[in-house]
1. Roll a 1.4 Å probe over the protein chains and send me the accessible area per residue for the stretch 1-72 in Å².
2. Determine the share of the stretch 1-84's accessible area contributed by carbon and sulfur atoms, expressed in whole percent, with a 1.4 angstrom probe.
3. Report, in whole Å, the centroid distance computed from the Cα atoms of the stretch 7-25 and the stretch 30-77.
4. Roughly what percent of Cα-Cα pairs across the stretch 1-96 reach past 17 Å?
5. Any chance you could run the full-extension gain for residue 52 through residue 90? It's 0.36 nm times the residue separation minus the Cα-Cα distance, nm to one decimal.
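The values are calculated or read from the model by the stated rules, or taken from the named source; none is laboratory data. Worth saying up front: this structure is predicted, and the values here are computed from it rather than measured. Only protein heavy atoms, including side chains, enter the accessible area calculation; ligands, DNA and RNA are left aside. Shrake-Rupley method; radii C 1.70, N 1.55, O 1.52, S 1.80 Å.
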Amino acid sequence: MPKNYRLVFDVVSAQPPGTHAAAGAIYAEARRRQSGIGYSTVYRALDRLRDLGLVHEVRVPGTTSALYEPARDGHAHFLCTRCGSVADIDYHIPATDVSGLNANHGIAIVNVMLTFNGLCEACRTGCGVDQAAKRRSSPARPSTSNPVPTTRPRAFANPPG
């Protein structure tokens, strides 16, 4: 594997479990580690690593760009429709379900990318469904500011090495 591709693989692999990074964040971290690496090199590396099955390219409906994570089977993704966070959920579709779909529809499924949508715990409890239900059942009171943070955590808050 070329040196620059190895660097991109190391950056993606260093992400904390359940973290998904956009190509721009991966490029920024790769450039921090090796100042001469180019943006197009990072994109080519991500494409090649995806094709080799070493990283997963996650295209979650509702997000603006692809996200990347180390290759890992047996999980789905959850997209918070309020804050936009994407999280891994341990979930495995039984092989019998996939083979049944193949047989019933005359198709050949080779990859499954499953995304659940809803409210994450912070949005649900901070100012989401639970809070809305409480407001409906209690007397009217002045509104409070939204306690939910508007920024997502950085993928490389504590970069290795």
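1. With the other protein chains kept in place, the stretch 1-72 gives 51 Å² per residue.
2. Carbon and sulfur atoms account for 50 percent of the accessible area of the stretch 1-84.
3. Their Cα centres are 7 Å away from one another.
4. Distances greater than 17 Å cover 50 percent of the Cα pairs.
5. Working: separation 38, 0.36 × 38 = 13.68 nm, distance 2.29 nm.
Result for the pair: 11.4 nm of gain on full extension.
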